[in-house]
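Working notes, beginning with the structure itself.
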Amino acid sequence: MAAGLCGLLFLVTLIWPNWIEAVFGVDPDQHSGALEWTVVAVALCATLTFSLLARGEFRRARTLSTR
(Lines give C-alpha, C1' and ligand atoms only; values in the text may rest on other atoms or scores of the structure.)
Protein backbone atom coordinates (compact mmCIF):
# COMPACT_ATOMS: atom_id res chain seq x y z
CA MET A 1 0.00 0.00 0.00
CA ALA A 2 2.80 2.43 0.90
CA ALA A 3 4.63 1.60 -2.32
CA GLY A 4 1.47 2.30 -4.30
CA LEU A 5 0.90 5.66 -2.64
CA CYS A 6 4.51 6.71 -3.17
CA GLY A 7 4.34 5.52 -6.77
CA LEU A 8 1.20 7.58 -7.31
CA LEU A 9 2.89 10.64 -5.82
CA PHE A 10 5.87 10.01 -8.10
CA LEU A 11 3.69 9.82 -11.22
CA VAL A 12 1.51 12.80 -10.32
CA THR A 13 4.56 14.97 -9.73
CA LEU A 14 6.15 13.88 -13.01
CA ILE A 15 2.97 14.51 -15.01
CA TRP A 16 1.76 17.65 -13.21
CA PRO A 17 4.79 19.28 -11.49
CA ASN A 18 2.86 22.35 -10.30
CA TRP A 19 0.33 20.41 -8.24
CA ILE A 20 1.99 21.51 -5.00
CA GLU A 21 1.39 25.17 -5.81
CA ALA A 22 -2.17 24.48 -7.00
CA VAL A 23 -3.22 22.35 -4.02
CA PHE A 24 -1.53 24.24 -1.20
CA GLY A 25 -1.52 27.73 -2.70
CA VAL A 26 2.16 28.36 -1.91
CA ASP A 27 5.26 28.48 -4.05
CA PRO A 28 8.14 27.49 -1.76
CA ASP A 29 10.78 27.32 -4.51
CA GLN A 30 9.71 30.44 -6.50
CA HIS A 31 9.13 28.42 -9.72
CA SER A 32 12.62 26.92 -9.77
CA GLY A 33 11.28 23.35 -9.77
CA ALA A 34 13.66 22.24 -7.01
CA LEU A 35 10.87 21.15 -4.69
CA GLU A 36 9.18 19.12 -7.42
CA TRP A 37 12.39 17.28 -8.31
CA THR A 38 13.00 16.59 -4.63
CA VAL A 39 9.51 15.14 -4.30
CA VAL A 40 10.11 12.98 -7.40
CA ALA A 41 13.43 11.66 -6.08
CA VAL A 42 12.12 10.93 -2.58
CA ALA A 43 8.94 9.29 -3.89
CA LEU A 44 10.93 7.10 -6.28
CA CYS A 45 13.31 5.98 -3.51
CA ALA A 46 10.39 5.30 -1.16
CA THR A 47 8.53 3.34 -3.84
CA LEU A 48 11.52 1.13 -4.52
CA THR A 49 12.21 0.61 -0.81
CA PHE A 50 8.62 -0.25 0.07
CA SER A 51 8.33 -2.56 -2.94
CA LEU A 52 11.44 -4.49 -1.93
CA LEU A 53 10.23 -4.74 1.66
CA ALA A 54 6.83 -6.02 0.52
CA ARG A 55 8.49 -8.56 -1.76
CA GLY A 56 10.56 -9.85 1.14
CA GLU A 57 7.49 -10.16 3.36
CA PHE A 58 5.60 -12.00 0.62
CA ARG A 59 8.44 -14.45 0.11
CA ARG A 60 8.84 -15.00 3.85
CA ALA A 61 5.12 -15.65 4.28
CA ARG A 62 5.08 -18.05 1.33
CA THR A 63 8.08 -19.94 2.72
CA LEU A 64 6.51 -20.25 6.17
CA SER A 65 3.16 -21.43 4.80
CA THR A 66 4.75 -24.30 2.86
CA ARG A 67 6.35 -25.78 5.98
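Before moving on, here are some points about what is shown:
- Residues that are assigned to a loop (DSSP other than H, G, I, E, B) and open to solvent by less than 100 Å² (accessible area, probe 1.4 Å) within segment 31-67 comprise Ser32, Gly33, listed in sequence order.
- Filter pass, Ala2 being in contact (Cβ under 8 Å) with a residue 40 or more places away in the chain, exposed (fewer than 14 other Cβ atoms within 10 Å of the Cβ) and closer than 29 Å to Arg55 by Cα: yes
The values are calculated or read from the model by the stated rules, or taken from the named source; none is laboratory data. Nothing here was measured: the structure is a model prediction, and the numbers come from that model. Glycine also receives a Cβ, built like all others from the backbone with ideal geometry; neighbour counts cover every protein chain displayed. Only protein heavy atoms, including side chains, enter the accessible area calculation; ligands, DNA and RNA are left aside. Shrake-Rupley method; radii C 1.70, N 1.55, O 1.52, S 1.80 Å.
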